[in-house]
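For reference, the structure discussed in these notes is given below.
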Amino acid sequence: MKHFFLLYLILSLIGSQQLFAQDFEFGKFNSEDFNLKNVPFDSTANAVVLREFGTASIQFDDNTGRSYISYEYHVKIKIFNKQGFDEANIQIPLRIYSNDRMDEISGLSAVTMNFTETGLSKTELNPKGIFTDKKSKYLNINKFTMPDIREGSIIEYKYLIKRPYIFNFVTWEFQSGLPKLHSEFIGFIPPIYNFNASIRGFFKLTEQKGVVSKNCLRINGVDQDCSKMTYIMKDIPSFIEESYMTAASNFKSAIYFELSDVQHLRGGSSKITKTWKDVDYELISDKSFGGQMKKKDLFTPLLPEILKNATDEWSKANAIYDYIKKNIKWNNYVGKYSENDIKKALELHSGNIGDINLALIAALSAAEIDVEALILSTRSNGTITDVHPVISDFNYVVAKVNIGGKSYLLDASQPFLPFGLLPHHCMNNRGRVLGIKKASYWYDLKASQKDANYYSFDGNLAMDGKITGHMKISSSGYSALNKRESIADAGSLDAFVESFDEKMPNIRILKHKISNIDSLNQELIEEYEIEMQMSGDLNVEQFYFNPFFIDRNTKNPFNLNERLFPVDLGAITEKRVTMNLKVPANFVLVEKPKDISLTLPNADAKYSNRIAFQPGEINMLQLLQLNKPVYHAEEYLSLKEFYSRVIQQQNTDLILKRTN
């Protein structure tokens, strides 16, 4: 088993050595590249990165007096077959920062090379085929499609980006969705800047070297030497995303930079990497964070109406939580800071995550309820650095309410979230709690409810092979949340039930009733009268019948031979199916799926199924439990085998025999 490799280092000037790495020539023909049919370390790949090169340096703009990053990228890719044609659709993200500063792209060149019977052909990208998609107010995407793509094509492109912020320098991903033969990154760091560099992932560098690069930067007429840091990794398998994982960036082999301190030319230094005490003060003093938390006066005149039916702290907190959910709708932007101001968010009835949950904190404080802010990194945003505080690691804020010796985490951005349950995208290890007057501390993020579905079915199997009956589904946790959101998206109960019916081609819903849609702190209850046609009628000597027709597992979510990262469900899950099925009295049981009980070590997962037959009736009780939210990589194969056994069990038929 390979292990996660993490290295921390401070970049500084290193003794002068011989330079050993450089960019490769653009558009150069190489017969070995065209003859390559696959790669032995990733033989099923549809394409491969033949060579990838990037370099980044810090430059100084004399006109603006600001430093910036100059980043060059160059890549050559071989497409093996038609399934690899998608690799010809190129997207280059360009960030938009505050004060309308943004990444600027230039020097884009792209060519497709094909080797045919008549020889080598090169087709250059037409600049008119490049366009910009404004993804959001924080992100533009430069897009283009490589021309003349065929099986065996080699595509190559390069570009230069001018980035106005230097804090994170450049993130270089050695590993991606394609295998790579050679990936190389060179960073030029002036001695006035010290960066922490962390290499994440499960694969080690093939080569790493540092030398001095003379006169790489000129600031105010003063030449600066640089540390030239070269990182090379070879024969890197593709990163395959699978079910139940957090951000791929947590596990891909990549190098990350973070500015630690700046040495001033006239003496002295500024420390960028701070202690948590520094961060606490910075956030609480920030007008877009702590300044919003303190705006209790905004809610004081509103509280009598909000709390008119509340009798204790819990009901008060619930009432305020509901008020914020109804009065500030999420504008689909995340962020730990208030985007504008919570007062404006209330007036506009719209805001980002910071607006909504900082307003919630302020309102709870106005009601004299013990509340703190909790900042976190969402599952898609990645892990939080533990070694030292990095404010940019956190992209989300929620409220932590303390009532009667118990803590509740609240996010008022999702209208169907019950009190105390955070959205699934927040379930990412732990967050940092900040109070107005107390030191911050770490807090584990755990789903407050099981993700549970309980099915009960009472039905009748008739001689014509039809099963009719009553099915009841009780859902809680994320299952209930997802269903409530689906009902809202459908626009009506009838539309929701119709879409549910379409997902079950063998089952027809005759009647329906759904309760507790708006009672978010209670289970969602669905009741259906259903009809299901089996494969044939019962006018046969033996009748084969699969009893696992309710929420059956048909596909194993775990298919890798080895998984190097955890299985992260986000919550403990449970599914229970109880079935009582009446059958014609002239049938007896010949064979049934064997009663089974599977348990992983420490009862981390359980599956059991028992079927009983008595004249005229089949009874089944099935239980599937995943008893912890995260399974380590070492447990993956056991979990994979566990699901394989479950699926094997559910593929087994029950056989009834006619007696007369």
FRET efficiency (residue 627, residue 580; Cβ distance; R0 45 Å; to 0.05) is 0.95
Subtracting the Cα-Cα distance of residue 271 and residue 60 from 0.36 nm times their residue separation yields 74.0 nm
Quick tally, 1.4 Å probe accessible area for 51, 66, sorted with the most first, runs 66, 51
With every protein chain in place, the accessible area of residue 132 for a 1.4 Å probe, in Å² rounded to the nearest 10, comes to 80 Å²
Cross-link reach from residue 214 to lysines, straight Cα distance under 19 Å and at least 8 residues apart if same chain, gives 228
By the mean-Cβ-within-10 Å protection proxy, highest first, 514-524, 165-175 rank as 165-175, 514-524
Among (i) -0.47, -0.63, -0.80, -1.36; (ii) -0.44, -0.61, -0.80, -1.60; (iii) -0.39, -0.53, -0.69, -1.39, the value of log10 I(q)/I(0) by the Debye sum over Cα atoms at q = 0.06, 0.07, 0.08, 0.12 Å⁻¹ computed for this structure carries the label (i)
Rounded to the nearest 10, the angle in degrees between the Cα long axis of helix 313-327 and the longest principal axis of the Cα atoms of the chain comes to 70 degrees
Between the Cα axis of helix 477-490 and the main Cα principal axis of the chain, the angle (0 to 90°, nearest 10) is 90 degrees
Nearest 10, in degrees from 0 to 90: the angle of helix 493-502 to the longest Cα principal axis of the chain is 90 degrees
For 124, 282, the accessible-area ranking with a 1.4 Å probe, largest leading, is 124, 282
In nm, the gap between the two label points placed 7 Å beyond Cα toward Cβ at residue 659 and residue 464 is 2.6 nm
Between residue 167 and residue 263, the two model label points (7 Å from Cα along the beta-carbon direction) sit apart by a distance in nm of 2.4 nm
Expressed in nanometres to one decimal, the distance between label points 7 Å along Cα→Cβ at residue 598 and residue 294 is 5.7 nm
Once all protein chains are kept in place, residue 349 shows an accessible area at probe 1.4 Å, nearest 10 Å², of 90 Å²
Expected unfolding gain across residue 126-residue 521 under the 0.36 nm per residue rule, minus the alpha-carbon gap, is 136.5 nm
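For residue 439 and residue 207, what is the calculated FRET efficiency with R₀ set at 41 Å and r taken between the beta-carbons, to the nearest 0.05? Intermediate results must be reported in sequence, preceding the final value.
Numbers: r = 44 Å, r/R0 = 1.06.
After rounding to 0.05, the efficiency reads 0.40.
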Looking only at lysines whose Cα falls under 29 Å of residue 37's and that sit 8 or more positions away or on another chain, we get 2, 28, 76, 78, 82, 122, 143, 158, 180, 204, 234, 252
Helix-only [θ] at 222 nm, the chain, -39500 (n - 2.57) per DSSP H run of 4+, per residue, nearest 500, equals -4500 deg cm²/dmol
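Hey, any idea what % of the chain's accessible area is carbon plus sulfur with a 1.4 Å probe?
Details: 14890 of 31380 Å².
Using a 1.4 Å probe with all protein chains present, the chain comes out at 47 percent carbon and sulfur.
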Checking segment 548-641 for GluC sites (Glu not before Pro) in a loop per DSSP with at most 11 other beta-carbon atoms within 10 Å yields 562
So residue 106 and residue 506, fully extended at 0.36 nm per residue minus their Cα-Cα distance, gain in nm 138.4 nm
Measure of exposure for residue 181: accessible area at 1.4 Å probe, Å² rounded to 10, is 50 Å²
Note to self: C-alpha centroids of segment 529-565 and segment 37-63 sit apart, in Å, by 45 Å
Taking R0 as 56 Å and r as the Cβ-Cβ distance between residue 554 and residue 220, the FRET efficiency 1/(1 + (r/R0)^6), rounded to the nearest 0.05, comes to 0.25
Singleton cysteines, the chain, no second Cys beta-carbon under 4.7 Å -> 426
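The values are calculated or read from the model by the stated rules, or taken from the named source; none is laboratory data. On a predicted model such as this, the values are computed, not experimentally measured, just so you know. In this analysis, Cβ positions are derived from the backbone assuming ideal geometry, glycine residues included, and neighbour counts consider all displayed protein chains. To get the accessible areas, we keep the full protein, side chains included, count just its heavy atoms, and leave off ligands, DNA and RNA. Shrake-Rupley method; radii C 1.70, N 1.55, O 1.52, S 1.80 Å.
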